[in-house]
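Heads up: the structure comes next, in structure tokens.
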Amino acid sequence: TAFAVVLLVGSMAGAGEVSSPVKLADLDLPLTVQESAGVERKGDICSTGVPLPLGMIQEPDGIALFDDKGAAVPAQFRVLERWPNLGDNKSVKWLLVTFLTDASKDGKSVYHLKAGKNPAPARPVKIEEKGDAYEMGGQVFKKDFSGPFRLVLTDPDGKEITSAEVPVTWSVWESGPIRSCLRAESPTAPDKFGFIAWVYAYAD
């Protein structure tokens, strides 16, 4: 399981200005990964939101990402926002695209979002709930934060409070195959602690 942060820039001019119906087959959105830290990237993580025209897709099925040679690369998609259409079916307005990328230390890589199907990563990451714990990225996260690390909170008086002493609500924010995320939240009350924790794992 890998952990990484990479900057990505993408644009789609006039995405919200639709004068006629736009089909998924018409989609060809370039996404440019610009390496600015002087680091050679190999199978690193990129994530960005992209706008889509009104009525193009209802769900991110049949959409894929391709490299500059036309080969599909491992990617996952999540709906961030929908167009406020009348009726029950609201098409996707903003789509979160997460994928693995290569980039030279002084260059850039260009990908294209189009209709198609993405392959799975070599070692996908996912979340499985197992009783009092979640298994993610080869680690077992106890719901009381007793493992694989122990979360300790310290109040202004220096008193330590473990997360096991406060109620925690867990939820699966994303579940692979490129990125998985667990969200843990405790209630916040006057003179007491409250926290939100995000635990990410990535494919490699």
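The values are calculated or read from the model by the stated rules, or taken from the named source; none is laboratory data. None of the values given here were measured: they were computed from a predicted structure. Because the Cβ atoms are built from the backbone with ideal geometry, glycine has one as well, and the counts that use them run over all protein chains shown. Heavy atoms of the whole protein, side chains included, go into the accessibility calculation; ligands, DNA and RNA do not. Shrake-Rupley method; radii C 1.70, N 1.55, O 1.52, S 1.80 Å.
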Can you name every residue in segment 66-101 that is open to solvent by 80 Å² or more (accessible area, probe 1.4 Å) and modelled with pLDDT under 90? ASP68, PRO84, LEU86, ASP88, ASN89, LYS90
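Could you please let me know if GLY194 is at positive phi and either open to solvent by less than 80 Å² (accessible area, probe 1.4 Å) or in contact with a His (Cβ under 9 Å, 6 or more places away or on another chain) (or both)?
no
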Out of SER171, SER146, SER186, SER91, which single residue is in contact with a Phe, Trp or Tyr (Cβ under 6 Å, 6 or more places away or on another chain) and more than 30 Å from VAL33 (Cα to Cα)? SER186
Select, from LYS105, LYS114, the only residue that is outside any strand (DSSP E or B) and either modelled with pLDDT under 80 or open to solvent by 60 Å² or more (accessible area, probe 1.4 Å) (or both). LYS105
Can you find even one residue in segment 173-190 that is farther than 29 Å from GLY43 by Cα, at pLDDT below 90 and not in a loop (DSSP other than H, G, I, E, B)? yes
Limited to segment 121-149, what total is found for residues that are open to solvent by less than 60 Å² (accessible area, probe 1.4 Å), assigned to a strand (DSSP E or B) and in contact (Cβ under 8 Å) with a residue 40 or more places away in the chain? 4
Filter segment 151-165 down to the residues that are part of a loop (DSSP other than H, G, I, E, B) and either within 28 Å of LYS126 (Cβ to Cβ) or open to solvent by 80 Å² or more (accessible area, probe 1.4 Å) (or both) and list them by number. LEU151, PRO156, ASP157, LYS159
